[in-house]
1. Can you give me the number of residues within segment 5-55 that are charged (D, E, K, R), over 21 Å from Leu68 (Cβ atoms) and in contact (Cβ under 8 Å) with a residue 24 or more places away in the chain?
2. If we scan segment 82-96, do we find a residue that is of a type in the set (A, V, I, L, M, F, W, C), under 17 Å from the mean Cα position of the chain (by Cα), surrounded by 10 or more Cβ atoms within 10 Å (Cβ to Cβ) and not in a loop (DSSP other than H, G, I, E, B)?
3. Would you be able to say whether some residue in segment 33-51 is modelled with pLDDT under 95 and exposed (fewer than 11 other Cβ atoms within 10 Å of the Cβ)?
4. Let me spell it out: the conditions are (1) without any contact (Cβ under 8 Å) to a residue 24 or more places away in the chain; (2) closer than 30 Å to Gln95 by Cα, and Tyr74 meets all of them except one. Which number is the exception?
5. Of these, Val50, Val87, Val71, which one is of a type in the set (Val, Ile, Thr) and more than 22 Å from Ser8 (Cβ to Cβ)?
6. Scanning segment 1-29 for residues that are under 11 Å from the mean Cα position of the chain (by Cα) and of a type outside the set (A, V, I, L, M), which turns out farthest from Ala72 (Cα to Cα)?
7. Looking at this structure, is Arg58 surrounded by 13 or more Cβ atoms within 10 Å (Cβ to Cβ), more than 30 Å from Glu100 (Cα to Cα) and in contact (Cβ under 8 Å) with a residue 24 or more places away in the chain?
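The values are calculated or read from the model by the stated rules, or taken from the named source; none is laboratory data. A quick note: this is a predicted structure, and the numbers were derived from the prediction, not measured. Ideal geometry is used to build each Cβ from the backbone, glycine not excepted, and the neighbour counts take in all protein chains shown.
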Amino acid sequence: MEERVLISLLLDFYGPLLTDKQRLSLQLHHEDDMSLGEIADELGVSRQAVYDNLQRARHLLHDYESKLQLVAQYEAREHILDELKKVLPQEVLSQPRVQELLTQMEG
């Protein structure tokens, strides 16, 4: 998986565990595609502070994932749902209750 996509997923799952500055720095850098200099200007800190903050935040996100495996479990569920949609007959998939359950599992 591409690092940018992985960081976005990690932020979705573990973002609340980061400090506000760490979370904002990652969002600005990975989701808004801002440079370190732009983020530094936005937050009123040095480029080095932004770099350090990003490194620390990435490390924390990867550490949380290595322990909790929430993203891995999410991806496994998505894979299983995709497989179910491929193998179940259309008449089963079109049933309202099946659609409701699939929607619930997709989150």
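1. Qualifying residue count, segment 5-55: 1.
2. Kept after step one, since they are of a type in the set (A, V, I, L, M, F, W, C), are these residues of segment 82-96: 84, 87-88, 92-93.
Filter once more, so that each one left must be under 17 Å from the mean Cα position of the chain (by Cα): none.
Among the residues of segment 82-96, not one is of a type in the set (A, V, I, L, M, F, W, C), under 17 Å from the mean Cα position of the chain (by Cα), surrounded by 10 or more Cβ atoms within 10 Å (Cβ to Cβ) and not in a loop (DSSP other than H, G, I, E, B), which makes the answer no.
3. So far as segment 33-51 goes, yes, one or more of its residues are modelled with pLDDT under 95 and exposed (fewer than 11 other Cβ atoms within 10 Å of the Cβ).
4. (1)
5. Values: Val50 fails: more than 22 Å from Ser8 (Cβ to Cβ); Val71 fails: more than 22 Å from Ser8 (Cβ to Cβ).
None of the others qualify; the one that does is Val87.
6. Across segment 1-29, the extreme among qualifying residues is Gln27.
7. Working: surrounded by 13 or more Cβ atoms within 10 Å (Cβ to Cβ): yes; more than 30 Å from Glu100 (Cα to Cα): yes; in contact (Cβ under 8 Å) with a residue 24 or more places away in the chain: yes.
Yes; evaluated as a whole, the condition is true for this residue.
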